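Below: one structure, written as C-alpha cells.
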Amino acid sequence: MLDPRAPVDRFILLYALAWAGGTIGYVPLLSILLPVQVAGLAGKTTGVDWLAYIALIGAIAASLAGILFGFLSDITHNRRGWIAAGLALSCTLLLVIGRMTSLPGIVAAIVAWQLGLNMMLGPLAAWAGDLVPDDRKGLLGGLMAFAPGLGALSGALVTIPGLADGQARLGLVALLVAVCVLPVVLNNAPPLLERPQAPSEQHRARGLALRMWLARLAVQVAEATLFAYLFFWLLSLDPTVSDNQTARLFSLIMLVSVPLALLVGRWSDRTDRPIAPLQICALVSALGLLGMALAPGVTGAMLAYGLFGVSSAVFLALHSAQTLRILPRPDRRGRDLGLFNLANTVPSLVMPWLTIAIVPVAGYPALFGLLALLAASAGLLLQKVSPAR
C-alpha cells in the first residue's frame, strides 16, 4: 500500500535541495566572485567602499523584492510559476554581472539580480507553508540547515584553480542553482494544506508572529556581528591566530550544527514541541556569548564561540520552518514571509554601527555581553509562543 506521506516527504527533500540552490545562488557571488570583480575594477582600497555601497543597495532591493514577489505569488496563487521565472531571470543576470566592465554597471546588475533572486526565493519560502504539514516542519527545518554549508562548498568548488575563471565561474554557479531548484519545480506537489482562521485566531497569530520575528532579529544580530568580526576579536586575544584557523572553526561548527539541527527537528516533530528547541538554543547561544565575554585566552574563546555558533545555527534553521506555523494569514503567507525576512537583512545595517559604538570605548567583552542579553531575550520572547494545533 502506498504511504500517504510519501509525496510530502519527497517534496520536503526536493524543497531542501531547492533551498540549498537558492543559497548557492548568492553565497559564491557575494562572498568571493563579486569582491574579486570589484577589486579588479576599483582596486583594493576604493573597492572596499564600492562593496559596502553595493551590499547596502542590494540588501534594500532584496528586502523590497521579497515582500513584493511573495505578495504577488499570494494573489496569483501560482508559487511554481514565480519560482521558475525567478530562477530563469536570476541565472541569466548572473551571467550579465560577469560581463559588467564598470562599477555603476555592476550596481545596476546586482539590483536587477536581487529582484530576480527574490522573485524565486520569496514564493519558494511560502510554498513550504502551503504544502508541508506541521508534524513535518521540524524535519523541514533540519534539512534546510544543509543550505549554508552547500552554499560555502559551492564557492570552494567554482574557485578550484583551472576549473573555471571569470565569466565561466558565474555560469557554473547558475548551472548549480538550476540543477538544485528545477527538481522541485517539475515535481508533482502534494495537496495544498489550508486551515481557515477565525478573526480571533488571526489576532492571536499576529502577536505570536511578532514575538517570533523579534526573537530571530535578536539572534541574527548576534550571529551577523560575530560572522563579521570574529577574526578581529581572536587577533586581539592572540596575534598569531591565522585566517585558516578561523575558517576551520567555521567549518567545524557547520559540520556539528547540520546533523544536530536534523536530529532536533525530528525530535520536535515526534514530541509536538516545536518551540522548545528554539528557546533552548537561544539560551545556550547567550551562554556561549557570555563565555566569550569572560574568556581569558584564545582556546576558551574558540570553545565559547563554538557553543554559540552551533546553537545559533540550529536556532536559525529550525526557526525558518517553525515560523510557517504561526503566520496570521495563510492567504498572505508570501507577503508575511517577505516582511519576516527583514529580520535577516536589518542586522547587516545595524551591526557595523553597534560594533563601532561599543568596541572602541568598552572593548569586545561589552559587545558580547550586550549580544548575550539579546540572545537571552529571544529565549524569553519565545516562552509564550504556543502555535495553534
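The values are calculated or read from the model by the stated rules, or taken from the named source; none is laboratory data. Predicted model, so just to flag it, every value in this text is computed and none were measured. Cβ atoms come from the backbone with ideal geometry, glycine included; neighbour counts cover every protein chain shown.
For the range 91-171, the helices (runs of 4 or more DSSP H) that sit wholly inside it and include 1 or more residues that are in the same structural domain as I75 (by TED's automatic domain parsing) and over 23 Å from the mean Cα position of the chain (by Cα) are 103-131. Note on the range 261-282: residues that are surrounded by 19 or more Cβ atoms within 10 Å (Cβ to Cβ) and within 20 Å of the chain's Cα centre (by Cα) total 11.
All of (1) more than 29 Å from G86 (Cα to Cα); (2) modelled with pLDDT of 85 or more; (3) under 17 Å from the mean Cα position of the chain (by Cα) hold for V221 with one exception: (1).
Condition first: of a type in the set (F, W, Y) and over 26 Å from G138 (Cα atoms). Can you find one or more residues in the range 16-26 that meet it? No, the conditions are met nowhere in the range 16-26.
For the range 286-309, filtered to residues that are touching a Leu at 6+ places or on another chain (Cβ under 7 Å), among the hydrophobic types (A, V, I, L, M, F, W, C) and modelled with pLDDT of 95 or more, the residue that is farthest from P148 (Cα to Cα) is L287. Going by what's in this entry, would I12 be described as in a helix (DSSP H, G or I), closer than 29 Å to M351 by Cα, modelled with pLDDT of 85 or more and aliphatic (A, V, I, L, M)? In short, no.
Here V241 clears all of (1) under 21 Å from Q383 (Cα atoms); (2) modelled with pLDDT under 95 except the condition numbered (1). Only one of A61, A55, A85 is surrounded by 17 or more Cβ atoms within 10 Å (Cβ to Cβ), closer than 24 Å to G171 by Cα and either assigned by TED's automatic domain parsing to the domain that holds G166 or modelled with pLDDT of 95 or more (or both). Can you tell me which? Going through A61, A55, A85 in turn, just one is surrounded by 17 or more Cβ atoms within 10 Å (Cβ to Cβ), closer than 24 Å to G171 by Cα and either assigned by TED's automatic domain parsing to the domain that holds G166 or modelled with pLDDT of 95 or more (or both): A61. Residues in the range 20-30 include at least one that is under 20 Å from N187 (Cα atoms), touching a Gly at 6+ places or on another chain (Cβ under 9 Å) and of a type in the set (A, V, I, L, M, F, W, C). Pairs linking a residue in the range 111-133 that is at negative phi to a residue that is in a loop (DSSP other than H, G, I, E, B), with Cβ atoms under 7 Å and 6 or more positions apart or on different chains, are G129/L327; D130/L192; D130/L193; L131/A189; L131/P190; L131/L192; L131/L193; P133/L193.
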